[in-house]
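Computed from the coordinates by the stated procedures, all read-outs in this text should not be read as laboratory data. Predicted model only: the values in this text are computed from it and were never measured. Cβ: placed from backbone, ideal geometry, glycine included. Neighbour counts: every protein chain shown.
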Amino acid sequence: MLKMSQADYDLIRWEAERRYPRECCGILLGTSSDGCREVTLTITCENVGTHPERRYSIHPGQLIAGVKLARSRHENIIGFYHSHPDHEPHFSPTDLAEANYFQHSYVITGVQQGRATRTESFVLTGSDEDKQFEPEEIRISSQRALHPPLVRR
């Protein structure tokens with residue numbers, strides 16, 4: 001299960017709409033215990049993919065900064081998010097092939113004609129030779145975000 005505040009959930013969906021027709025992407029910081037991940041901070045990132053309307057790639061410098069920020073907060077990167085412009089929020093073969101963070105959440109928001117539709121989450125399981133995405137519940141907390149979302153430009 002992935003827990004997040006309404007503010008974090010809304011930021012992900014807003015970013016998906018704002019970046020349309022390109023894919024948005026970002027990092028989720030937080031804590032993990034007994035298979036439950038809880039988002040404490042959402043970091044929007046630059047999509048440096050060669051075809052940003054079909055693929056995403058988080059800027060390496062932003063990924064390193066995310067790792068450092070997580071350490072400074074005594075937290076971890078617990079997942080990533082991106083959008084699928086004019087497609088359903090289901091992982092693609094490329095998403096699976098390029099996923100490398102096992103037991104992390106991969107959140108996908110579908111966007112149709114510039115409007116966010118559904119947002120789904122999947123956890124990466126298995127091994128390098130036999131990896132797979134399994135659907136995971138997103139539980140939205142009515143509480144405010146513990147920290148304001150971090151938007152990087």
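Projecting the alpha carbon convex hull of the chain along each direction and taking the average yields 8.4 nm².
For the chain, the relative contact order is 30 percent, taking Cα pairs closer than 8 Å that sit 6 or more residues apart in sequence and dividing their mean separation by the residue count.
Close amide-amide hydrogen proximity is noted between LEU41 and LEU29, each under 5 Å apart and 5 or more residues distant or on a separate chain (H modeled in the peptide plane; Pro and chain starts excluded).
How much FRET efficiency would the formula 1/(1 + (r/R0)^6) give for ARG18 and GLU129, where r is the Cβ-Cβ distance and R0 is 35 Å, rounded to 0.05?
Plugging the Cβ-Cβ distance into 1/(1 + (r/R0)^6) gives 0.40.
Picking from HIS59, HIS87, HIS74, which is most flexible by a Gaussian network model of the chain using Cα springs under 10 Å? Comparing HIS59, HIS87, HIS74 in a Gaussian network model of the chain, the most mobile one is HIS74.
Taking 0.36 nm per residue of separation and subtracting the current Cα-Cα distance, fully stretching the chain between GLN6 and LEU63 would add 18.1 nm.
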